[in-house]
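Following: one structure in structure tokens, then a few remarks.
The values are calculated or read from the model by the stated rules, or taken from the named source; none is laboratory data. For clarity, every value in this text was computed on a predicted model and none was experimentally measured. Cβ atoms come from the backbone with ideal geometry, glycine included; neighbour counts cover every protein chain shown.
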Amino acid sequence: MEIKYSAKAAKQLRKIAKNNRKNAVLIIEKIEKYAANPKSKFNIKYLKGKYAEFKRIRVGNFRIIFNIEDETMLTRIIHKISKTHDRQWITDI
């Protein structure tokens, strides 16, 4: 499966890499593993409501929001979540 990043996701990944390269590597590895074998066991959650076409992978405190179109994994958002975060970040899709 091919992997594509939205401009926003690419920018977020560069920012993460600038602050903590290890986290960026973990995120990229997880995306690549899922793209290589999507039927394998991953912590995938399907979003609800108007975002039902999107899926979420958790990598530590980061959430990767993506969807699949024609054998292409389109990564939309990479976001760090804190326990008190109010989930307003999803409106950036």
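Here are the numbers for this structure:
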{"item": "The range 1-37, residues that are surrounded by 14 or more Cβ atoms within 10 Å (Cβ to Cβ) and of a type outside the set (A, V, I, L, M)", "result": "5, 6, 8, 12, 23, 30, 34"}
{"item": "Strands (runs of 3 or more DSSP E) enclosed by the range 2-93 - at least 1 residues per element that are modelled with pLDDT under 85", "result": "72-80"}
